[in-house]
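Structure record follows, encoded as structure tokens.
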Amino acid sequence: MEEVERRRETRGEQGTDGRRSLVVAADRFIFWLSKHWLAVFNSLAFLYVGLPFLAPTLMALGAEVPASLIYTVYSPLCHQLPQRSWFLFGRQVSYRLPELMELAPTEVTDAFSNGFIGNAELGYKVAFCQRDAAIYGAIFAFGLVFGLLRRRWDVKPLTWWAYVLIGLVPMGLDGGYQFLSYALPLVFPRISLQPYETTPLMRVITGTLFGLATVWLAYPYLQSSMEDVRAALEARFGWT
């Protein structure tokens, strides 16, 4: 019986040591993340905005399988309408819907022909729309700017009312009216409303403002939180 009890105690100590090691490893990862969170966020933003531009590049190189995979992965994340997307390696960087219906009449039959990727003549579309490209491109760019600014100044977060005014209102007015101009006649056929298509310039402006406002609001709060976490772990474990 005594031997059995000793074995149980040994297994219990080993289990406790294993759990303790796991907790310490998790704390070490959190400590590392608290020091390098901005580099992680910027890397993820670069990857997220870079892959959609890689898709048309792969198409132009003839690597259709990996390109199709990127288009498929991003399809739930964006409407991918060709008339609202950038095109690479073609005659133009963007096309209006009437142009696409004239130049590719069998593939682009209406305003919702998001399956049209492009061709060698027109080029190949980026795997998400112009506004999304501006949003996430701005998040990446202003994330880099924040990294430079935080070295010299204590960057204060954007106020909520300014975030709404700068980030949400312009995009809501531009994209919201565009959406309603297509959606309302479908839901209420008696409503006579001319479909409205905003311009690439407006999509870039409103998307960039939203990305800037998002970084300006969120990143200072994240910086403060990560500093608190790092200070607590330094005091607890003596890590540097």
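Numbers at a glance
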quantity	calculated
Pick from the stretch 34-74, criterion touching a residue at least 60 places away in the same chain (Cβ under 8 Å) and more than 20 Å from the chain's Cα centre (by Cα), ranking: surrounded by the most Cβ atoms within 10 Å (Cβ to Cβ)	59
Top-ranked residue in the stretch 102-114 [being of a type outside the set (S, T, N, Q) and in contact with a helix residue (DSSP H, G or I) (Cβ under 9 Å, 6 or more places away or on another chain); ranked as nearest to residue 195 (Cα to Cα)]	111
Odd one out for residue 131, checked against (1) over 14 Å from residue 85 (Cα atoms); (2) in contact with a helix residue (DSSP H, G or I) (Cβ under 8 Å, 6 or more places away or on another chain)	(1)
Pair list, Cβ under 7 Å, 6 or more apart: the stretch 172-186 residue under 19 Å from residue 135 (Cα atoms) and of a type in the set (Phe, Trp, Tyr), other residue modelled with pLDDT under 85 and not in a helix (DSSP H, G or I)	177/196
Scope the stretch 193-210; condition touching a Lys or Arg at 6+ places or on another chain (Cβ under 6 Å) and under 14 Å from residue 167 (Cβ atoms); matching residues	207
Pair list, Cβ < 9 Å and 6+ apart or interchain, from the stretch 147-160 residues that are in contact (Cβ under 8 Å) with a residue 12 or more places away in the chain and surrounded by 10 or more Cβ atoms within 10 Å (Cβ to Cβ) to residues that are part of a loop (DSSP other than H, G, I, E, B) and small (Gly, Ala, Ser)	none
So residue 231, is it free of Cβ contacts under 8 Å to residues at least 24 places away in the same chain, among the hydrophobic types (A, V, I, L, M, F, W, C), assigned to a helix (DSSP H, G or I) and out of contact with any Cys (no Cβ under 9 Å at 6 or more places or on another chain)	yes
Test: residue in the stretch 224-237 that is at pLDDT 95 or above and exposed (fewer than 12 other Cβ atoms within 10 Å of the Cβ)	no
Selection from the stretch 118-140 of residues that are surrounded by 19 or more Cβ atoms within 10 Å (Cβ to Cβ) and without any contact (Cβ under 8 Å) to a residue 60 or more places away in the chain	122
Test for residue 28: is it modelled with pLDDT of 85 or more, of a type in the set (D, E, K, R) and in a helix (DSSP H, G or I)	yes
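The values are calculated or read from the model by the stated rules, or taken from the named source; none is laboratory data. None of the values given here were measured: they were computed from a predicted structure. Here the Cβ is made from the backbone with ideal geometry for all residues, glycine too, and neighbour counts use every protein chain on show.
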